[in-house]
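Okay, structure first, notes after.
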Number of protein chains: 4
Amino acid sequence: MSHHLTRFGVAVPENLLSKFDRLIKEKGYGNRSKALCDLIRQKIVEQDWNLSDKETVGTITIVYNHSFREIADTLNHLQHHYYSQIISNLHVHLDLHNCLEVLVVKGKVKNIKKISDRLMATKGVKQASLCMAGTGKEL
Amino acid sequence: MSHHLTRFGVAVPENLLSKFDRLIKEKGYGNRSKALCDLIRQKIVEQDWNLSDKETVGTITIVYNHSFREIADTLNHLQHHYYSQIISNLHVHLDLHNCLEVLVVKGKVKNIKKISDRLMATKGVKQASLCMAGTGKEL
Amino acid sequence: MSHHLTRFGVAVPENLLSKFDRLIKEKGYGNRSKALCDLIRQKIVEQDWNLSDKETVGTITIVYNHSFREIADTLNHLQHHYYSQIISNLHVHLDLHNCLEVLVVKGKVKNIKKISDRLMATKGVKQASLCMAGTGKEL
Amino acid sequence: MSHHLTRFGVAVPENLLSKFDRLIKEKGYGNRSKALCDLIRQKIVEQDWNLSDKETVGTITIVYNHSFREIADTLNHLQHHYYSQIISNLHVHLDLHNCLEVLVVKGKVKNIKKISDRLMATKGVKQASLCMAGTGKEL
């Protein structure tokens, strides 16, 4: 990955720029370049997640009721089937009944989506959200 | 509205920029400034639609089966209640049964959302999507 | 299209159902079946818009500054290239400078996305949003 | 939380139901009730994330270049400021330069959004995505 920065000029309407400056100040940005790079990266990552064979990284967040045994079985089954693609898991006890689990997943877009679908369909799982991250390498 | 452009320099990692250049070429952009302005505008419009009292403009697209009488009644009712806020409608016959209608709506964010909710809840309406546009003035 | 309804039973946790009932009342629904059908339709339309060769219907909303001549040229060009796919246009004057235009577009998902990209990339266009509707036939 | 299920009948157009049955089979669902409950939960969670004072749970995924020192400082600073709200972190080394970190965050919607904004604005952070989960309790 190249850290080398390229500098170039942009022309933006005055009033649009002043709105943008206010927005990025609110969001805590120190300068425009970082904010613009972030908008660009976001666009590129969105685009990549349309390509089903693209290798990428994502996180899947699930909220579930741990008293259902099926969730353990499914996670087990997924870990056999998609062994190499689930990098790691973080488990948080929300209360007596509810758990939140985040899976960091690396693989083809279509496989990551399939893992997320499988989890969502599992009994006891109340929510499954796929966060489309990236490998960082391309960005 | 000011058309006056402000020029400033941006620093972007080389490889991120080359990806962005490829993306905007695919999308048919002639130059980077236009593409970056669009990303900025999109961000600002998104932000504005979180403010429920903000005056803005949007379009509501509905697909419905015109054989249900309720849709005509609802549109009628909405036009009395939100008279000044529905600027105009476009109606397209998709087939013997199905119609698509686009409403251009101007008003407070919360009212536009309410109109969209009402339409969606109407019998015969199969789909209602709110497109969060803007007045153009701020952009 | 079949209007024939199929009735079936659903089992939903008590507290989830009471929350749902409150939500759909706020949104103006008269009964649960309509609200559930809408959730189902939305899911199916989302899914369809991932298939690039699927024939569908959508609307593209653009906000632009009409003093830029390019927008007229682009719309002209698009109308030659994608003639059969742009069903109709609605034009609204927002103020002295700004126009909103909604295009109703019918065709393959990939072509509709391309038309939307082209419009967004055109000089003077400040915003372009694609609303993923459907033909109504499948729903 | 009540696990008690309420059973009720739904009327859905025949062809919409057959499409839905195909979709949920593809996604690996065993029955319709689970699939419909998931659609309902998703809608309710979406709604809750519009209320800025609502207490909820989310995950923030960031991808960053660990060679920038600022990220460590920011995480440190956030942990002082929002100490009680960051439940736990998962860190994954993607390659020599890039790290992925998932934060599980519990608190008011507005605070969770602020933490996510702060992280995104930090030098070295290439991506920050907020996954709007829930406490599970209400679902």
| query | Tilt of helix C:109-121 relative to the longest C-alpha principal axis of chain C, in degrees (0 to 90, nearest 10)? | reply | 50
| field | Derived scalar couplings ³J(HN,Hα) [the stretch D:27-34; Karplus, 6.51 cos²θ - 1.76 cosθ + 1.60; whole Hz; x for Gly, Pro] | value | 7, x, 6, x, 7, 6, 4, 4
| note | With x for Gly and Pro, the residue-by-residue ³J(HN,Hα) of the stretch A:50-60, computed from phi through the Karplus equation 6.51 cos²θ - 1.76 cosθ + 1.60 at θ = phi - 60° and given in whole Hz, is 8, 8, 5, 9, 5, 7, 8, 10, x, 10, 10
| task | At 0.36 nm per residue, minus the direct Cα-Cα distance, what do A:Ser88 and A:Lys123 gain on full extension? Give it in nm, one decimal, please. | result | 10.4 nm
| query | If you add up the charges near A:Tyr83, with Lys and Arg at +1 and Asp and Glu at -1, over every other residue whose beta carbon is less than 15 angstrom from its beta carbon, what do you get? | reply | +4
| request: State which entries of A:Lys113/C:Lys126; B:Lys25/D:Lys19; B:Lys113/C:Lys126; B:Lys19/B:Lys114; C:Lys113/D:Lys25; A:Lys19/B:Lys114 exceed 31 angstrom in Cα-Cα distance in the structure shown. | output: A:Lys113/C:Lys126; B:Lys25/D:Lys19; B:Lys19/B:Lys114
| request: Mind telling me which of A:Lys113, A:Lys19, A:Lys43 comes out most flexible in a GNM of chain A, alpha-carbon contacts under 10 Å? | output: A:Lys19
| request: Rounded to the nearest 10 degrees, what's the angle between the helix B:70-81 long axis and the longest principal axis of chain B, both from Cα atoms, 0 to 90? | output: 70
| query | Does the stretch B:1-134 classify as rounded, prolate or oblate by the C-alpha gyration tensor (a ≥ b ≥ c root eigenvalues; a/c under 1.5 gives rounded; else a/b over b/c gives prolate, otherwise oblate)? | reply | prolate
| query | What 222 nm value per residue comes from the helices of the protein assembly as shown, counting each DSSP H run with n ≥ 4 as -39,500 (n - 2.57) and dividing by all residues, nearest 500 deg cm²/dmol? | reply | -12500 deg cm²/dmol
| Rounded to the nearest 0.05, what FRET efficiency is calculated for B:Glu46 and D:Asp53 with R0 set to 30 Å and r the Cβ-Cβ distance? | 0.90
| request: Report, in whole Å, the centroid distance computed from the Cα atoms of the stretch C:29-86 and the stretch A:7-21. | output: 30
| On full extension of the chain, what length is gained from D:Arg69 through D:Ser18, given 0.36 nm per residue of separation minus the C-alpha to C-alpha distance? | 12.9 nm
| field | Degrees between helix B:14-26 axis and first principal axis of chain B (Cα, 0 to 90, nearest 10) | value | 40
| field | In Å², nearest 10: area of C:Arg41 left accessible to a 1.4 Å probe | value | 20
| query | Taking a ≥ b ≥ c as the square roots of the eigenvalues of the Cα gyration tensor of the stretch D:75-128, is the shape rounded (a/c under 1.5), prolate (a/b larger than b/c) or oblate? | reply | prolate
| message | Using a Gaussian network model on chain B with a 10 Å cutoff between Cα atoms, which of B:Leu100, B:Leu51, B:Leu23 fluctuates the most? | response | B:Leu23
| task | Just tell me how shielded A:16-26 is by partners: mean number of partner chain Cβ atoms within 10 Å of each residue's Cβ, no decimals. | result | 5
| the protein assembly as shown shape via C-alpha gyration tensor axes, a/c threshold 1.5 | oblate
| query | Can you give the accessible area of C:Met132 in Å² (nearest 10), computed on protein heavy atoms with a 1.4 Å probe? | reply | 80
| Around C:Leu5, which amide H atoms from residues at least 5 apart in sequence, or from another chain, sit under 5 Å from its own amide H, with H modelled in the peptide plane? | D:Glu14
| Nm distances between copies for C:His91, ranked from closest, using label points 7 Å along Cα→Cβ | 2.2, 6.0, 6.4
| field | Hz values of 3J(HN,Hα) by residue in the stretch A:88-93 - Karplus curve (6.51, -1.76, 1.60), Gly and Pro given as x | value | 6, 10, 10, 10, 10, 7
| task | Take the cross-link list A:Lys110/D:Lys106; A:Lys108/D:Lys123; B:Lys54/C:Lys27; A:Lys43/D:Lys123; B:Lys43/B:Lys137; B:Lys43/B:Lys106 and give me the ones stretching past 24 Å between alpha-carbons. | result | A:Lys110/D:Lys106; A:Lys108/D:Lys123
| task | Find the chain A residue whose Cβ sits closest to the rotation axis that carries A onto D, and give that distance in whole Å. | result | A:Leu90, 2
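Let me know the mean shielding of D:76-88 by other chains, meaning the per-residue number of their Cβ atoms within 10 Å of its Cβ.
So the per-residue partner count for this stretch is 1.
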| Residues whose placed amide H lies under 5 Å from that of C:Ser88, excluding near-sequence neighbours | C:Val104
| field | Mean accessible surface per residue for chain C, computed with a 1.4 Å probe while every protein chain stays in place, in Å² | value | 45
| query | For peptide B:103-116, how many partner chain Cβ atoms fall within 10 Å of a residue's Cβ, on average? | reply | 1
| said: Which residues among the stretch C:40-62 fall inside the zone where the amide N is under 14 Å from a point 7 Å beyond the Cα of B:Asp95, along Cα→Cβ? | reply: C:55-57
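The values are calculated or read from the model by the stated rules, or taken from the named source; none is laboratory data. What you see is a predicted model, and the numbers here were worked out from it, not measured in a lab. Using ideal geometry, Cβ is built from the backbone for each residue, glycine included, and neighbour counts are taken over all protein chains shown. Surface areas here come from the heavy atoms of the whole protein model, side chains and all, with no ligands, DNA or RNA. Shrake-Rupley method; radii C 1.70, N 1.55, O 1.52, S 1.80 Å.
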